[in-house]
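Read-outs throughout are calculated quantities, based only on the coordinates presented, and are distinct from any laboratory measurement. What you are looking at is a predicted structure, and each value in this text was computed from that prediction instead of being measured. Cβ placement follows ideal geometry from the backbone for every residue including glycine, while neighbour counts extend to all protein chains displayed.
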Amino acid sequence: MKPSILLTNDDGYESRGLLALRDALSEIAQVVVVAPKNEKSACGHGITISSPLRIEQVGPDYYRVDDGTPSDCVCLAIPMYKKPFDLLISGINHGSNMGEDVLYSGTVAGAIEGTIHNIPSIALSQCIKDRANFGNHDFSLAKKVACHLVGLIFKKGFPFVGQRKLLNVNVPQIPFEACKGIAITQKGVRLYENNVHLKKDPKGKQYCWLGLNPLKWEERSAETMSDFTAISQGFVSITPITLDMTSYADLKTLQEWV
C-alpha cells in the first residue's frame, strides 16, 4: 500500500505549484489535497474560530475549503482520513519563504500545523525572479527536489520524529542542470522597508495597500550559510525550523533581571 501524503498551500487549490506537486508525487504515494479556495498568502498561522468552514470535494482526494487558511485545511483533513498521514507538504509556494518571512507565511504555517499534529512536515517554496512572466514559470526543479526528499523520508525516516520540528525548503529559479545541490542552512535576517502605498479611490477616499518588499538580507553568522545566500548561489536551501521559540540562552539573564 502506498504511503499517504497530505498537500496544502496558501496560493489556492488551483495554483500551478500545488498542481505540479500533486502530479510529481502521485506516482509514489496516495496524495490527498486539502487547500484554500482563495489565495491566503501571508496569512500566517491563523485558524478560523469565529465562523463555520465549508469543505467541498472537487476531485478524487481533492478538496477546497471556503475562506479557510492553510492551518484550517490541515485541521479539517486529519479527521477526514482514518489512517494517519505519513507526510505533509505545504506548497509549492509561488515565491520564497526565507528569513523572517516564515513568520508571515501561510505556506510555512501549513507545515507548522502538521508538525503540531505529529505529522512529518515540509514547507516547499519556489523563488521567483520574474513575476511578470509567472504564467510560464517552470516548477521542474522544485518537483525533483520534492520527490528526492520524499524518497529519503520513506527510506530513512523523517529526521525529527517527535521533536516538533519541520523542514523549510526554498528552491532557486534556475534550470535543474544549473543547480549546485542542496545546502543545509540557517534562517537569514530579512530586511524590511515601510512599503505602504497611500491611494485614493474614485470617490476620493483614501486607502492603503501594503506592497512587497525587495529581497534584502543580512547574514546571521559566518559559520553557517543562510537561506538567502544559498539561493543566491544556486543551491536548494533546507532550513530546520523548531516550534519551540523559547530563548534558552536568556533564561538566566531574565531571572537575574526580575
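Tabulated data for the structure shown
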| quantity | calculated |
| --- | --- |
| Neighbour cut-off at most 14 other Cβ (10 Å), DSSP loop, trypsin sites (Lys or Arg not before Pro), the range 24-110 | K82 |
| Helical mean residue ellipticity (222 nm; -39500 (n - 2.57) per DSSP H run of 4+; nearest 500) of the chain | -7500 deg cm²/dmol |
| Dipole of the chain, positive direction: furthest Cα of W217, T239, A249, with charges on the beta-carbon | T239 |
| Scaled radius of gyration (Cα, divided by 2.2 N^0.38 Å) that the chain gives | 1.04 |
| Loop-located chymotrypsin sites (Phe, Trp or Tyr not before Pro) in the range 193-258 whose Cβ has at most 14 other Cβ within 10 Å (DSSP) | none |
| Cleavage-rule hits, trypsin sites (Lys or Arg not before Pro), the range 152-211, DSSP coil, Cβ neighbours within 10 Å at most 14 | R164, K180, K203, K205 |
| Lysines whose Cα lies under 18 Å from that of K2, excluding same-chain neighbours fewer than 8 positions away | K82, K83, K155, K156 |
| Coordinate range along principal axes, alpha carbons of the range 68-138, Å, largest first | 42, 26, 21 |
